[in-house]
Structures are given as C-alpha cells and as structure tokens.
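Undergrad: Okay, handing you the structure first.
The values are calculated or read from the model by the stated rules, or taken from the named source; none is laboratory data. Here the structure is a predicted model, which is why all the values come from computation and not from measurement. Neighbour counts are summed over all protein chains in view; Cβ atoms, including those assigned to glycine, are modelled from backbone coordinates with ideal geometry.
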Amino acid sequence: MILTLAVGVGYFAMPKKIETITETKTVVETKYVSVVDKTEVDALNVQLLNIVTEKEILSLEIQKLIAENSIEALKLKGLRAEQVENWIEKIEKKIVKFEDRIEPIDDAIEVLEDEIASERKSITLLQSQIESKQLLIDAFVNDDPIANLAKIRLLEDKIIVLNDRIEVIEEVIKDLEEEIGLKQEDKGVLSDKITLDEKCISEIGRYIDNGADYSEEVSDRLEGLGLI
C-alpha cells in the first residue's frame, strides 16, 4: 500500500517537474534563436539594400550610355562635329605658333641668367680681394700703424676701387634682372593664350559630346578667330 502510494505520488509529481524544465529550456532557446535571427535578418537586409542600390546605379549608367549612344544622339554628335570641323586643328596651329614664340624667350632668359651668374662670381672674387687687403691692413696696423701708414692708405684706396667695381656690377645685374622680368611678362602673355586655346579645344570637345554651351571667354576667343 505504501509502495503504491509512493509510486503514485511520484507519477503525478514527475510530469510537472519535467514540464517545468522543458518549458524553461524552450524559453531560453527561443530567446537565443530570436536574437540570432534578428541579427542575420538585419545583415541580409543591408546586403539586399546594397544589391538593389548597385543595380539601380548600374541601371542608370546603362540608361545613360544608351541615351548617349542612341541613333538620335549620335546623329546630333555628327552634326555638331561637322559644325566645328577643322576648329581644333586651327587652334592647335595657334598653340604651336605661341610655343615657337616662347622658345626663343626661354633661350634669351637662360642667357641672361648665365650672365647674372657670371657677374655674381665676379662680385665674389672682388669681395675675396677686399677681404685679403683688409687682412693686410689689419696686419700693418698691428705691426706699426705709423710706419706702415702709406701702405695702409694704398690698400684702403684699392678697397674703395674694388667696392666701386662691385657697385657697377650690381647695377648690371639689376638691369639684367629687369630684362628677364620683361621677357617673363611676354612669356606669360603667350602662356595665357595657350591656356585659353587649350580650354577652347576642351569646350569644343564637350560641345560635340553633349551640346554644352561655350564659356564667355571661349566664345570671345572663337569669335576673335573668326570661327563663330
């Protein structure tokens, strides 16, 4: 009787315990799985969004290429190319002429710079002579300034002459530098014209591609060349 009662109590007690454990395990597993699923879903959503975005960009690029190379677009490009035929060639010839004018200017500037370098060497040599004479003066003064007075005066006169020669050379250098400055201004004008003509070529190419308007300075330049 007692044994039967124990078994019965055990029987009714066990399912409840097992159910509690099972229930607890299920709850924990459900929470864990839900977190993993959310992270994976978010990551997948980001990937899908990137794929969609990339496909949209690619689609737009393809549409743009199709539009740019459609029969109508190509016909318009052809018409615009005919309209500006030989313009680029004419402008390129202008650029070559400007470059040909710059070349002798560069050569002249180089010659002047060499002259300046040579004059500066002369100044350095004269300064060395002045320093050596000054050392002699100092030695005569230390030895006997009265007895060596004539020698000292002679050396001082030579130093004055050397300094005068240095001043003359410095004036020559100044004139050479001014001449270089004038030539650089001339070169700058030609360089600016080359830059503008290169811009004209660029904008003509852009006009052929998509019919874009010319900038004001390019329009003025093309008009000055008699192209528009």
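Undergrad: Given (1) out of contact with any helix residue (DSSP H, G or I) (no Cβ under 8 Å at 6 or more places or on another chain); (2) surrounded by 12 or more Cβ atoms within 10 Å (Cβ to Cβ); (3) at pLDDT 95 or above, identify the lone condition not met by R206.
TA: The one condition R206 does not meet is (3).
Undergrad: Which members of segment 79-136 meet the condition of being in contact (Cβ under 8 Å) with a residue 60 or more places away in the chain and under 17 Å from Q184 (Cα atoms)?
TA: First pass over segment 79-136, keeping only residues in contact (Cβ under 8 Å) with a residue 60 or more places away in the chain: 80-81, 84, 87-88, 90-92, 94-95, 98-99, 101-102, 105-106, 108-109, 112-113, 115-116.
Scanning segment 79-136 gives F98, E99, R101, I102, I105, D106, A108, I109, L112, E113, E115, I116.
Undergrad: Going through segment 140-175 one residue at a time, which ones are among the polar types (S, T, N, Q) and over 22 Å from R120 (Cβ atoms)?
TA: Passing the criteria: N142, N148.
Undergrad: Moving to a separate point now. For I169, which of the numbered conditions (1) without any contact (Cβ under 8 Å) to a residue 24 or more places away in the chain; (2) touching a Ser or Thr at 6+ places or on another chain (Cβ under 7 Å) fails to hold?
TA: The one condition I169 does not meet is (1).
Undergrad: Step by step: first the residues of segment 123-148, then only those that are over 14 Å from V161 (Cα atoms) and not hydrophobic (A, V, I, L, M, F, W, C), then the one that is surrounded by the most Cβ atoms within 10 Å (Cβ to Cβ). Which residue is that?
TA: N148
Undergrad: Within segment 175-182, identify whether any single residue is more than 35 Å from the chain's Cα centre (by Cα) and farther than 30 Å from G78 by Cβ, and answer yes or no.
TA: Going residue by residue through segment 175-182, those that are more than 35 Å from the chain's Cα centre (by Cα) are 175.
From what's left, farther than 30 Å from G78 by Cβ: 175.
Yes, segment 175-182 contains a residue that is more than 35 Å from the chain's Cα centre (by Cα) and farther than 30 Å from G78 by Cβ.
Undergrad: To continue, here is another question. Looking at (1) within 30 Å of S202 (Cα to Cα); (2) surrounded by fewer than 11 Cβ atoms within 10 Å (Cβ to Cβ), which is the one condition that is false for K90?
TA: If we test K90 against (1) within 30 Å of S202 (Cα to Cα); (2) surrounded by fewer than 11 Cβ atoms within 10 Å (Cβ to Cβ), just (2) comes out false.
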